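The values are calculated or read from the model by the stated rules, or taken from the named source; none is laboratory data. All of these numbers come straight from a predicted model, not from anything done at the bench. For neighbour counting, all protein chains shown are included, and Cβ atoms are generated from backbone atoms with ideal geometry for every residue, glycine included.
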Amino acid sequence: MRWSEAMRVRYERDAKACDRIDILALESSCDETAAAVIRDGRIVLSSVVASQISSHQRFGGVVPEVASRAHVEQVTVVIEQALADAQLTLGDVHAIAVTRGPGLIGALFVGVTAAKTLAQASGLPLIGVHHLAGHLYAAALSQDAEPPLLALVVSGGHTELLYVSAQGTIEQLGKTRDDAAGEAYDKVARALGLGYPGGPAIQDAAAGGDPAFIRFPRALLEEDSLDFSFSGLKSAVMLHLDRERKAGRSIRVADVAASFQSAVTDVLEKKALLALVRTGQQTLLLAGGVAANAHLRARLQTACDDAGARLIVPELRFCTDNAAMIGAAAYVRYKQGKLDDLTLTAQASLPIDQW
Amino acid sequence: MALLAIDTATTTLSLALGDRAGHVLAAWTTRVARMHATLLNPLIDEMLAALNMDLSDLEGVIAGVGPGSYTGVRIGVTAAKTLAFALGIPVLPVSSLAAAAYSLRCCTGLVVPVWDARRGAVYTAVYRSQHGHFSQLAADARRDLAAFGETLSTIADDGETVYLLGDSALQAQREWQEQSGLTRIIVYGETTEVRAEDLFALGCERFAQRLPGREEGSHGENANALVPRYLQLAEAEARWLQKERGSEDDGPERTIISPDDRSGHRSCHAD
């Protein structure tokens, strides 16, 4: 039987008769090779993440070719582990899901090809997922977060304000025009000699620093804009470091880190509040790797309390890149019958409204 | 029972399905730029349907592991290893260069694929095809094109014909024909391409020798270990290594990795 028929038969039988749906999901859009098995979009049966942080540390950032090579080495290993942890075999799951974009194209190809091949070999439905939709549905794994809601997704590759409707459609309200917030963290951390990844490094360094030491620029762009820009801030930090070094003064790392972090948080907080007011939403979801930043979480919590809104932050292990969130998002598509075929391919950029 | 050969390392996306006795049942090659990832799985599906077969009929996968396009080779290798993992069958790596050279197995002489590897370098290897014997005389490696002519002239017998194939074949012919000892250089093909029926032919004999029955266990055990043979470090990695080792070492352009390295570890040496 052709895969398209086998998969269709399987889907129609399972969607009708099964009281629980287990999805095997893959994620390889950046530097984490991940696989997970998710039940009904919210119960994590397993979640395996093979991080490449140690192999990128020496470069101070993710090198796409190094990442792609590591994905090929890890991909079947994490799949095998995810199935073993869930105590299931490939024949037991009901669908295969994968991040199809956006992300590093060479890295995405590995996950997408592996997912297509798994679906083909097991006669299972295939579901391509938008990486950011994954970050949004991460909330479903640990928190009761029903749309409609406003989401702020902040990571090494993304800084976006998204509106998720009750029907599950996603609208982009604002995005970064240059560097992502996490990217700015990485670059500033490297300039300060704090190592990679920059988020935790700067957070630790900033702990004893004075956030008012230097007032770095806060790029708010046009008055009504929900877009972000962090490259000016990054340049201002570099300029300061340059000036201090040329003058022969020692760098006050803790103060600079704290001042930088405070500038980033100010902008994120202002824009998120503006978006809450603009959309009239009562719920703000903070997702993405930078959600791990305690300073940002605390500031947003206070801001949301003051505004009478509810702040939702997924468990931290589901904020950084993982496959569990891809399985959670894929469940929505499974329920809607929005399945992909074997021509599914990776896309480096992918609008969120097409997720 | 059948074996599936897959190669996506070059401009061609090529598939061949054959039986254990070495007969090719179907072989398809497409040359559609930047579509390997999109088309590979659908074409496998089409091929099986045309043969009225199922993936469960496969007892092994033969994977073209490069060298070639980094992104390209990863697509075929990822599909091959995932297929082997999912079906619980073994997967055999075969050099894409060797498969290209093996298409000339009926000629007599040296067969030298020369595939552009940028910065004046080529992915190359040397094979001798003679009286039905096909043997490898120089391992797959990334080599400086201009300099390799001299090495090749020491390998070639007096007056032996040298067949070149690949996108750097014309250039190699120009550079090498001045070398003494290389009097008969023939450009056999000017494109860098692999046909999976050649990959299949190379792989199936080796496969038949070591392939246990499906019921005998320990299948797909090498699926996790299968990776492309890039023959070259990622550029950032090469630069980093160079810095670590100090300035007397070779630059990234001359960083060469040879799959001969028995330890299985990637190592660098100048050619």
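List pairs: first in region A:1-24 and within 14 Å of another protein chain (Cβ to nearest Cβ) and within 18 Å of A:ASP341 (Cα to Cα), second among the acidic types (Asp, Glu) and in a helix (DSSP H, G or I), Cβ under 9 Å, 6+ apart or cross-chain?
As it stands, the answer is A:ARG2/B:ASP45; A:ARG2/B:GLU46; A:TRP3/B:ASP45; A:SER4/B:ASP45, since those pairs meet every condition given.
Any residue in region A:64-71 that is away from chain B (no Cβ under 12 Å), touching a strand residue (DSSP E or B) at 6+ places or on another chain (Cβ under 9 Å) and not acidic (Asp, Glu)?
Our first condition is that a residue be away from chain B (no Cβ under 12 Å); within region A:64-71, this holds for none.
Within region A:64-71, none of the residues are away from chain B (no Cβ under 12 Å), touching a strand residue (DSSP E or B) at 6+ places or on another chain (Cβ under 9 Å) and not acidic (Asp, Glu).
Any chance you could count how many residues in region A:88-127 are among the polar types (S, T, N, Q) and either under 25 Å from the mean Cα position of the chain (by Cα) or more than 9 Å from chain B (Cβ to nearest Cβ) (or both)?
Going residue by residue through region A:88-127, those that are among the polar types (S, T, N, Q) are A:89, A:99, A:113, A:117, A:120, A:122.
Next, from what is left, pick out any that are either under 25 Å from the mean Cα position of the chain (by Cα) or more than 9 Å from chain B (Cβ to nearest Cβ) (or both): A:89, A:99, A:113, A:117.
The number of residues fulfilling the criteria is 4.
I'd like the full set of residues that are touching a helix residue (DSSP H, G or I) at 6+ places or on another chain (Cβ under 7 Å) and part of a helix (DSSP H, G or I), limited to region A:308-331.
A:LEU316, A:PHE318, A:ALA324, A:MET325, A:ILE326, A:ALA328, A:ALA329
Do we have any residue at all in region B:87-106 that's within 16 Å of the chain's Cα centre (by Cα), surrounded by 23 or more Cβ atoms within 10 Å (Cβ to Cβ) and at positive phi?
No, because not a single residue in region B:87-106 is within 16 Å of the chain's Cα centre (by Cα), surrounded by 23 or more Cβ atoms within 10 Å (Cβ to Cβ) and at positive phi.
Residue by residue, here is whether (1) modelled with pLDDT under 95; (2) assigned to a helix (DSSP H, G or I); (3) among the polar types (S, T, N, Q) holds:
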residue: A:LEU152; (1), (2), (3): no, no, no
residue: A:LEU162; (1), (2), (3): no, no, no
residue: A:LYS175; (1), (2), (3): no, no, no
residue: A:GLU183; (1), (2), (3): yes, yes, no
residue: A:PRO200; (1), (2), (3): yes, yes, no
residue: A:LEU220; (1), (2), (3): yes, no, no
residue: A:LYS234; (1), (2), (3): no, yes, no
residue: A:LEU239; (1), (2), (3): no, yes, no
residue: A:ASP242; (1), (2), (3): no, yes, no
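Among the residues of region B:27-54, count how many are among the hydrophobic types (A, V, I, L, M, F, W, C), away from chain A (no Cβ under 12 Å) and under 21 Å from the mean Cα position of the chain (by Cα).
Within region B:27-54, the first condition is being among the hydrophobic types (A, V, I, L, M, F, W, C), and the residues that meet it are B:27-28, B:32-33, B:35, B:37, B:39-40, B:43-44, B:47-51, B:53.
Okay, now just the ones that are also away from chain A (no Cβ under 12 Å), so B:27-28, B:32-33, B:51.
Those left that are additionally under 21 Å from the mean Cα position of the chain (by Cα): B:27-28, B:32-33.
Adding up the residues that qualify gives 4.
Output the qualifying pairs, or none if there are none: Cβ atoms under 6 angstrom, residues six or more apart or on different chains, first residue in region B:13-34 and more than 16 Å from B:ALA50 (Cβ to Cβ) and basic (Lys, Arg), second residue modelled with pLDDT of 95 or more and assigned to a loop (DSSP other than H, G, I, E, B).
B:ARG31/B:THR11; B:ARG31/B:THR12
To keep it simple, each residue is scored yes or no on (1) surrounded by 15 or more Cβ atoms within 10 Å (Cβ to Cβ); (2) under 21 Å from B:GLY68 (Cα atoms); (3) not charged (D, E, K, R).
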residue: B:ARG119; (1), (2), (3): no, yes, no
residue: B:THR124; (1), (2), (3): yes, yes, yes
residue: B:HIS131; (1), (2), (3): no, no, yes
residue: B:PHE134; (1), (2), (3): yes, no, yes
residue: B:ALA138; (1), (2), (3): yes, yes, yes
residue: B:ALA146; (1), (2), (3): no, yes, yes
residue: B:ILE155; (1), (2), (3): yes, no, yes
residue: B:LEU165; (1), (2), (3): yes, yes, yes
residue: B:THR183; (1), (2), (3): no, no, yes
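Could you list, in sequence order, the residues of region A:40-70 that are closer than 30 Å to A:GLN143 by Cα and either crowded, with 22+ Cβ neighbours inside 10 Å or touching a helix residue (DSSP H, G or I) at 6+ places or on another chain (Cβ under 9 Å) (or both)?
Looking only at region A:40-70, we keep the residues that are closer than 30 Å to A:GLN143 by Cα, and these are A:40-53.
Within region A:40-70, A:ASP40, A:GLY41, A:ARG42, A:ILE43, A:VAL44, A:LEU45, A:SER46, A:SER47, A:VAL48, A:VAL49, A:ALA50, A:GLN52 meet the criteria.
What is the one condition in (1) of a type in the set (D, E, K, R); (2) farther than 30 Å from A:ALA205 by Cα; (3) outside the structural domain of A:ASP40 (by TED's automatic domain parsing) that A:ASP305 does not satisfy?
Going through (1) of a type in the set (D, E, K, R); (2) farther than 30 Å from A:ALA205 by Cα; (3) outside the structural domain of A:ASP40 (by TED's automatic domain parsing) one by one, A:ASP305 breaks only (2).
Quick grid of which residues meet (1) surrounded by fewer than 17 Cβ atoms within 10 Å (Cβ to Cβ); (2) assigned to a helix (DSSP H, G or I); (3) within 11 Å of another protein chain (Cβ to nearest Cβ):
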position: B:ALA9; (1), (2), (3): no, no, no
position: B:GLY22; (1), (2), (3): yes, no, no
position: B:SER56; (1), (2), (3): yes, yes, yes
position: B:GLY68; (1), (2), (3): no, no, no
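Yes/no matrix, rows are residues, columns are (1) among the aliphatic types (A, V, I, L, M); (2) facing chain B (nearest Cβ under 10 Å); (3) in a helix (DSSP H, G or I):
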| residue | (1), (2), (3) |
| --- | --- |
| A:CYS30 | no, no, no |
| A:GLY41 | no, no, no |
| A:VAL49 | yes, no, no |
| A:GLY61 | no, yes, no |
| A:GLU73 | no, yes, yes |
